[in-house]
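Before any comments, here is the structure.
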Amino acid sequence: MSEIKKIKNLKEFSTSADRFEGANLLCPGCAHSIIVREVLNATNDDLVIGASTGCLEVCTAVYPYTSWDASWIHIGFENGSTAVAGAEAMYKALKSKGRLPQPDRTPKFVTFAGDGATYDIGFQWISGCFERGHDMMYVCLDNEVYANTGGQRSSSTPVGSSTTTAPAGRVSYGEKKEKKDMIAIMAAHGSPYVAQVAPNKWKDMVKKIQHGFQVEGPVFINAISPCTTEWKFAPEDTMMITDLSTDSLVFPLYEIIDGHELNITYRPKNVIPVVDYLGAQGRFKHLFKPENKHILDGWQTRVDRNWELLQRREEARV
């Protein structure tokens, strides 16, 4: 059976048995579990999964219980990528020596981590894994803050967001630096496939995950994962917030193949103003004061500029 035939279609996906159990301690409204479930159910292959320290790890593996119906590894905050890369290298070594008890079984190797463990303290480990060319998928659950350790800013935190280490107040409007472009950075590593995904567009996400499982080499997936606790919205509004993120083009959905071929995979029929997205979250409420209007204007200008750049890159295929 070919690799393509082994990959589930969307109908099979909807009826799959979960390999990520619903019983966990993640906050009501957390998008992490939605994303993880879809990634794991996108293939029938065996899985070897790693998780960096973070919300997902601490809420799904409370000894002696686990939410994972698959092989699962946790080592530390910064090196979830190398744990899985090590397992992948061991698998290849044993296979080459003919020492696998079931040599026809070919597992997929996946790492999950938050933006703090990805954009910041784990970046050099991820970069090394991609430089060495490990056959693995790295999924960043991007909630734009160190949500598990107190709500500190990360280099994924967007301009104007109020965090515990970049608080908004009388002398500051919150985070002052622009969000790091991790997709461009990982594409520059020569990755065969990188993509941005969102749980509200689940078909787009599953197709990208399945494509990532098909290619050989290191794959990077950046998934927006709204955090009801730190973004300050009602738990039942998670999908609404995610819709606003993609329809305002704050979080555009696209892929980059072999480091240069860019394809936009979702174009909103009706693009909404960025202020609709920002206004739905308590972390940005201070930006709507008169003295911070220039920050809102800057947001719209920046999103429009980035969208124009993506479209130009798609046309040029560079």
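Structure above, values below:
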read-out	value
Close pairs (6 angstrom Cβ cut-off, 6 or more residues apart or separate chains): over 29 Å from Asp104 (Cα atoms) in the stretch 38-61, of a type in the set (Phe, Trp, Tyr) and part of a strand (DSSP E or B) anywhere	Leu56/Phe112
Odd one out for Thr118, checked against (1) crowded, with 22+ Cβ neighbours inside 10 Å; (2) at pLDDT below 95; (3) β-branched (Val, Ile, Thr)	(2)
Unmet requirement for Leu244, which otherwise passes all of (1) of a type outside the set (Lys, Arg); (2) touching a residue at least 40 places away in the same chain (Cβ under 8 Å); (3) within 30 Å of Arg283 (Cα to Cα)	(2)
Conditions (1) aliphatic (A, V, I, L, M); (2) at pLDDT 90 or above; (3) in contact with a helix residue (DSSP H, G or I) (Cβ under 6 Å, 6 or more places away or on another chain); number of the one not met by Ile75	(2)
Residue identified as of a type in the set (Asp, Glu) and farther than 24 Å from Lys285 by Cβ among Asp135, Asp142, Asp237	Asp135
Lone qualifier among Thr164, Thr157 - being of a type in the set (S, T, N, Q), surrounded by fewer than 17 Cβ atoms within 10 Å (Cβ to Cβ) and not in a strand (DSSP E or B)	Thr164
Count - residues of the stretch 44-54 that are surrounded by fewer than 24 Cβ atoms within 10 Å (Cβ to Cβ) and either assigned to a strand (DSSP E or B) or touching a Leu at 6+ places or on another chain (Cβ under 9 Å) (or both)	2
Criterion (of a type outside the set (A, V, I, L, M, F, W, C), touching a Ser or Thr at 6+ places or on another chain (Cβ under 6 Å) and touching a residue at least 60 places away in the same chain (Cβ under 8 Å)) met by exactly one of Gly160, Gly174, Gly190	Gly174
Residue ID - surrounded by the fewest Cβ atoms within 10 Å (Cβ to Cβ), chosen from residues in the stretch 296-318 that are in contact (Cβ under 8 Å) with a residue 12 or more places away in the chain and farther than 18 Å from Arg267 by Cα	Val318
Hits in the stretch 225-284 (condition: part of a strand (DSSP E or B) and either touching a strand residue (DSSP E or B) at 6+ places or on another chain (Cβ under 8 Å) or crowded, with 17+ Cβ neighbours inside 10 Å (or both))	Tyr254, Glu255, Ile256, Ile257, Leu262, Asn263, Ile264
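For every residue, the table says whether it meets (1) among the charged types (D, E, K, R); (2) part of a strand (DSSP E or B); (3) surrounded by fewer than 15 Cβ atoms within 10 Å (Cβ to Cβ).
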{"residue": "Glu57", "(1), (2), (3)": "yes, no, no"}
{"residue": "Pro64", "(1), (2), (3)": "no, no, yes"}
{"residue": "Glu78", "(1), (2), (3)": "yes, no, no"}
{"residue": "Ser81", "(1), (2), (3)": "no, no, no"}
{"residue": "Glu88", "(1), (2), (3)": "yes, no, no"}
{"residue": "Arg99", "(1), (2), (3)": "yes, no, yes"}
{"residue": "Thr106", "(1), (2), (3)": "no, no, yes"}
{"residue": "Phe130", "(1), (2), (3)": "no, no, no"}
{"residue": "Glu144", "(1), (2), (3)": "yes, no, no"}
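The values are calculated or read from the model by the stated rules, or taken from the named source; none is laboratory data. Note that this is a predicted model, so its numbers are computed, not measured. With ideal geometry, Cβ positions are generated from the backbone for all residues, glycine too; neighbour counts draw on all protein chains shown.
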